Amino acid sequence: MSSVNTAHSVVEPSRTSKRIAATIVIAYAVITMIPLVWIVLTSFKSPPDSISYPPKIVFQPTLEGYCNLFTTRTRQTPEYITSLGAPTSTCDEITRSRNMVIAGPSNYWPRFQNSLVIAFGSTFLAVSLGTLAAYGFSRFKVPLAEDLLFFILSTRMMPPIAVAIPIYLMYRQLGLSDTALGMILLYTAVNVSLAVWLLKGFIDEIPREYEEAAMIDGYTRMQAFFKVVLPQATTGIAATAIFCLIFAWNEYAFAVLLTSGAAQTAPPFIPTIIGEGGQDWPAVAAGTTIFVVPILVFTILLRKQLLRGITFGAVRK
Amino acid sequence: MAEIRIENLRKEFGAFSAVEDSSFVVRDGEFLALLGPSGCGKTTTLRMIAGLELPTSGKIFLGGEDVTFNRARERDIAFVFQLFALYPHMNVRKNIAFPLLAQGVAKAEIRARVEETAKLLQIDHILDRSVSGLAGGDRQRVALGRAIVRRPKCFLMDEPLGTLDAEFRDLMVRELRELHNRIRATTVYVTHDQLEAMAMADKIAVMNHGIIEQFGTPQEIYNRPATMYVADFIGSPPMNFLRFTAGLQKGARSVVVDGVDISVPEIHLDLAESEFALGVRPEDISFSDVSPLRGAVFGSEYHGTNQIVAVEMGKGLVKARVPADQNFRIGETVGLELNYDRLSLFDCTSGRAVPSSRYAEHHHG
Ligand SMILES: Nc1ncnc2c1ncn2[C@@H]1O[C@H](COP(=O)(O)OP(=O)(O)OP(=O)(O)O)[C@@H](O)[C@H]1O
Ligand SMILES: [Mg+2]
């Protein structure tokens, strides 16, 4: 580096261009954040506030949306409600103020759990299978490797919904409709192609010498894979896992078609909240807010790996 | 420790043959340098001995046992890779202990042996460091440590000094040889650097295009190169070739080059008229005003204790290594005196040395 600042470097961006870049990035971030912020704000509004016009920026926050999200309620006479004695919780109190009593838990929590099981289960499967397949493609002479890899990728070329009807019929025959296992298998099948391609790139970059050294040192190939290759592929595995998780977590079309009860995930469930007792936007917003949290946490935890994943290992350790 | 025996080893990659019909023996405790230019098949040979590559044909024996088709992990050898292949997710101690863990050695013994090895290599102070922060020389020592901690049958090293800078290489060459003198492990060391090979090895195998051109001690290789390729590859500057066309008679003690009669070691074979080359090392040339073999000084290169003088002989340059105190003018005509005792003769068609008394004494003695 030269200590004289008069000449500008050809490789380093100038201060002005850095500022312009920062302005664009921040502006873009703000624009994309607005809907998210709006959803979070709405989740803390009362139902009248949520539909008032012009929209309220300043309002009295309430947990009503969250209470409504997690409960089912029935309308009662004021006399009955006063006869009940003191309310047992904040939600109880809010509900009574609307002339209702809590009848029981809603389906949101079970649906959310379904989402967790199905998304994490399919991600785990897709990444495990993908890692093994990618290792095989990367290290061995696989007959027709190029064609197989293209075939694996080609499963992604068709919009998944195009096969929805055949899969629906197949699943009915196999008894996989509306089961968590069925959804896990389906999402795994969709994600494994992405996983193979992403992970092959990462594993290709790990020199073979590491495994060869381990195999000469007395380990089997399997042991070498687990002790030497896997630890070095963690970056790629983490990045791949996030991509798979985001897909499985957000997937809506198949979920609507194939699940309705026991195995229903959160995405098809959230819109149904709106029907229960008028236009309950705060409850919908609350459902969405909670739904976003796991992905948000996961992404923030693994953001470094995610960035590297996007650049396909171009950023070397 | 064990002897390594290679018999008619061949390796083909599709239609390309990387190693052709190699045979040699590395005796127990010997240090062999596998020397040759880039792409000549050194690494491939080493990988076949290690079991990382299966030969197309031929046999490999370790300590008398045929291991040609054994897996790498069953061969009990250690391999030092060119880029060391230190596991980046383990610290120095774990890297060195890794082979012992595979053998199920007890924890206390692993600890003791790792520390003993580290002391031997003077890296005991960095045992708990991460390998990613280490300097080239220390990485080198850790890689060596991982190899010797196992006390394997033999060591295979693939250009382990290739990535180090020149100054440090000299130091490591000495260290490696000292280490070998101490533990006397059978070693095959791959390099493309003739000076490294000369400095370290008990035996050298010179490879070219998958063929072992010559196998012998550094002295044999230098003094009695079996082929023009070896003569040209070894030595700096390499051997000079004075080409001439003639027939050679058994028992003859001289050849005629450019009309000048030159004494040579006694020729042991009758050969029909064809192109031959007289091979002479730069240090076997001296200047003499009376010599009929004459040329014009083309230039000189000062090397401190001596100088390399290039002389234009009409058919090309001949380089002589002479004392540094002699002065020459460029263009000056000089006479060259050859140390006839140390001359080699080559058949230019086959590239092989012509049998002579100089070469025979090697075969019988
Ligand atoms: N797996 C392989 N498939 C095809 N060709 C190969 C393979 N491995 C090596 N080769 C070829 O075989 C030849 C010898 O390779 P090898 O690595 O043994 O050379 P080397 O003497 O070690 O050279 P270097 O000094 O460059 O390391 C080269 O031409 C190389 O391209
Ligand atoms: Mg090599």
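Applying both filters, DSSP loop and at most 13 other Cβ atoms within 10 Å, to the GluC sites (Glu not before Pro) of the stretch B:242-332 gives B:Glu332. Largest GNM mean-square fluctuation among A:Leu186, A:Leu307, A:Leu199, using chain A with Cα springs under 10 Å: A:Leu307.
Packing here is the average count of other Cβ atoms within 10 Å per residue, and on that basis the peptides B:145-156, B:88-99, highest first, run B:145-156, B:88-99. Based on the convex hull around the alpha carbon atoms, the stretch A:225-268 presents an average projected area of 4.2 nm². Counting alpha carbon pairs within less than 8 Å and at least 6 residues apart, what relative contact order, in whole percent, applies to chain A? So the answer I get is 26 percent. The spread of Cα positions in the protein assembly as shown, taken along each principal axis and listed from longest to shortest, comes to 136, 68, 53 Å. By the rule of a second cysteine Cβ within less than 4.7 angstrom, chain A holds isolated cysteines at A:Cys244. Using the Cβ of B:Met239 as centre and a radius below 13 Å, the other residues enclosed give a net charge of +3, where K and R count +1 and D and E count -1. Heavy atoms of the protein chains alone define the surface here; on that basis the stretch A:241-310 has 45 Å² accessible area per residue at 1.4 Å probe size. A:Ile300 contributes about 90 Å² of solvent-accessible surface, heavy atoms of the protein only, 1.4 Å probe. A simple spin-label model places the labels of A:Asp92 and B:Glu273 12.3 nm from each other, with each point 7 Å out along Cα-to-Cβ.
Take the Cα of B:His209, step 7 Å along the line toward its Cβ, and report every residue of the stretch B:5-44 whose backbone nitrogen sits under 19 Å from that point. Of the residues in the stretch B:5-44, B:9-23, B:35-44 have backbone N under 19 Å from the label point off B:His209. Distant-in-sequence amide contacts of B:Asn240, defined by a placed amide H-H separation under 5 Å and a gap of 5 or more residues or a different chain, comprise B:Val280, B:Arg281.
Model label points for B:Arg177 and B:Ser286, set 7 angstrom from Cα along the Cα-to-Cβ axis, are 2.8 nm apart. Averaging the Cα positions of each part gives two centres, and for the stretch B:162-216 and the stretch B:83-126 these lie 25 Å apart.
With protein chains left intact and a 1.4 Å probe, residues in the stretch A:47-106 average 65 Å² of accessible area per residue.
Using the Cα gyration tensor of chain B, with a ≥ b ≥ c the square roots of its eigenvalues, what is the shape: rounded (a/c below 1.5), prolate (a/b larger than b/c) or oblate (neither)? The shape class here is prolate.
Using a probe of 1.4 angstrom, how much of the accessible area of the protein assembly as shown is carbon and sulfur, in percent? So the carbon and sulfur contribution to the accessible surface is 59 percent.
In the context of the full set of protein chains, residues of the stretch B:213-365 present 49 Å² of accessible surface per residue (probe radius 1.4 Å, heavy atoms only). Its DSSP H runs of at least 4 residues, each contributing -39,500 (n - 2.57), put the calculated 222 nm mean residue ellipticity of chain A at -19500 deg cm²/dmol, to the nearest 500. Size descriptors for chain A: radius of gyration and Dmax over Cα atoms are 25.8, 84 Å. Starting from the Kirkwood Rh over alpha-carbon pairs, what translational D in µm² s⁻¹ does the stretch B:7-149 have by Stokes-Einstein at 37 °C and 0.692 mPa s? Answer, rounded: 194 µm²/s. In a simple Cβ point-charge model (Lys, Arg +1; Asp, Glu -1; nothing else charged), the stretch B:235-360 has a dipole of about 220 debye relative to its Cα centre.
Comparing A:Ile118, A:Ile216, A:Ile290 in a Gaussian network model of chain A where C-alpha atoms under 10 Å apart are linked, the largest mean-square fluctuation is found at A:Ile216.
Bridgeable lysines around B:Lys250 (alpha carbons under 28 Å apart, same-chain partners fewer than 8 residues away excluded): B:Lys315. For the stretch B:252-350, the Kirkwood estimate of the hydrodynamic radius, built from every pair of different alpha carbons, is 14.4 Å.
Across chain B, Cα pairs under 8 Å and at least six residues apart give a relative contact order of 15 percent. For the stretch B:85-134, a decrease in accessible area of 30 Å² or greater in the assembled protein chains relative to the isolated chain, with a 1.4 Å probe, applies to B:Ala85, B:Tyr87, B:Pro88, B:His89, B:Phe98, B:Ala102.
Magnitude of the charge dipole for the protein assembly as shown, about its Cα centre and with charges confined to Cβ atoms of Lys, Arg (+1) and Asp, Glu (-1), is about 2540 debye.
A cut-off under 12 angstrom between Cβ atoms defines the neighbours of B:Ser38, and their net charge, with Lys, Arg +1 and Asp, Glu -1, is -1. In the protein assembly as shown, a dipole from Cβ-located charges (positive for Lys and Arg, negative for Asp and Glu) runs towards its positive end, and of A:Leu116, A:Pro78, B:Gly351 it is A:Pro78 whose Cα lies farthest in that direction. Taking a quarter of the surface of the Cα convex hull of the stretch A:57-125 gives a mean projected area of 6.8 nm². The chymotrypsin sites (Phe, Trp or Tyr not before Pro) of the stretch A:100-153 meeting both criteria, a DSSP state outside H, G, I, E and B (loop) and at most 10 other C-beta atoms within 10 angstrom of the site's C-beta, are A:Phe140. Solvent-accessible area lost on pairing B with A (1.4 Å probe, both sides summed) amounts to about 1600 Å². The contact residues of the stretch A:214-247, meaning those that lose at least 40 Å² of 1.4 Å-probe accessible area when all protein chains sit together rather than their chain alone, are A:Ile216, A:Asp217, A:Tyr219. Using 31 Å as the Cα-Cα cut-off, could you pick out the over-long pairs in A:Lys304/B:Lys42; B:Lys59/B:Lys94; A:Lys227/B:Lys119? Pairs exceeding the cut-off: A:Lys304/B:Lys42; B:Lys59/B:Lys94.
The phi-based Karplus calculation (6.51 cos²θ - 1.76 cosθ + 1.60; θ = phi - 60°) puts the 3J(HN,Hα) values of the stretch B:130-142 at 7, 6, 6, x, 6, 6, x, x, 5, 4, 4, 5, 5 Hz, whole numbers, x for Gly and Pro. Projecting the Cα atoms of B:Val25, B:His125, B:Thr227 onto the charge dipole of the stretch B:4-228 (Cβ charges, centred on the Cα centre) puts B:His125 farthest toward the positive pole. Among A:Val229, A:Val11, A:Val284, the residue with the largest mean-square fluctuation in a Gaussian network model of chain A, with springs joining Cα atoms closer than 10 Å, is A:Val11.
Residues whose amide H lies under 5 Å from that of B:Ile211, counting only those 5 or more places away or on a different chain, are B:Glu20; hydrogens are built 1.01 Å from N in the peptide plane.
The values are calculated or read from the model by the stated rules, or taken from the named source; none is laboratory data. Everything numeric in this text was worked out from a predicted model, so none of it was measured. Here Cβ is always computed from backbone atoms with ideal geometry, including for glycine, and neighbour counts include all displayed protein chains. For accessibility, only protein heavy atoms count, side chains too; no ligands or nucleic acids. Shrake-Rupley method; radii C 1.70, N 1.55, O 1.52, S 1.80 Å.
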